[in-house]
Amino acid sequence: MTTAVQPRIGSNRFLLKKDTHEIGLILNRFQENTRCRSVLLIDEAGHLVSKHGEDTSPREATVIALLAGTFQTTRRLSRLLGAKEFSSRVDCGMRDLMMLQVGDDALLAITLGDESTSTLVRTYALESIRRLEKVFHGAAERSEESALEESGWKGNDTFARAVTDRLDALFG
């Protein structure tokens, strides 16, 4: 299962459809190569950017919120100790969880599978993170106006006009 759901990452990045598609390709290849159970890409605010692998829907919101809190705490702790980035591994019995920092404001949360090892995951993660950071860098350099233009929303006020008309009809 592959899902890309969040149009923004970080406070000034506008991800377009082509960006989420590229992210999906990167994470799909990562999951296939590592044979991990699932991969979640989460921004610093706790928004799910993309997910691949096993469906975690029943507990997904809780997992994401806890990961976002862990991300903030671990990032601050690593900075206090002089590190620029961090990684963490949580032993959860049969489902080990590995967390890796992606750029300054994203987290890759990986649930290891029966056939995946932390060495294998870390090896593929380094290249995947480099590619993800390249996508994020391109998004960070994109202005809001440029993002609107590229997405086709600039100058297309049909939706805004329809909403305004509907609200006017409702409230007079």
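The values are calculated or read from the model by the stated rules, or taken from the named source; none is laboratory data. Bear in mind the structure is a predicted one, so any value in this text is a computation, not a measurement. Here the Cβ is made from the backbone with ideal geometry for all residues, glycine too, and neighbour counts use every protein chain on show.
Here are a few things to note about the model shown:
- The set of residues in region 119-132 that are surrounded by 15 or more Cβ atoms within 10 Å (Cβ to Cβ) and of a type outside the set (A, V, I, L, M) comprises 122, 124, 128, 131.
- When the residues of region 76-101 are filtered to those that are closer than 19 Å to residue 128 by Cβ, among the charged types (D, E, K, R) and surrounded by 11 or more Cβ atoms within 10 Å (Cβ to Cβ), the one that is modelled with the highest pLDDT is 96.
- Filter result for residue 162 (in contact with a helix residue (DSSP H, G or I) (Cβ under 8 Å, 6 or more places away or on another chain), modelled with pLDDT under 85, part of a helix (DSSP H, G or I) and farther than 23 Å from residue 63 by Cβ): no
- Residues of region 14-67 that turn out to be acidic (Asp, Glu) and closer than 17 Å to residue 129 by Cβ, as a count: 5
- Pair list, Cβ under 8 Å, 6 or more apart: region 93-121 residue closer than 15 Å to residue 50 by Cβ, other residue among the aromatic types (Phe, Trp, Tyr) and modelled with pLDDT of 85 or more: 102/136; 103/136; 106/136
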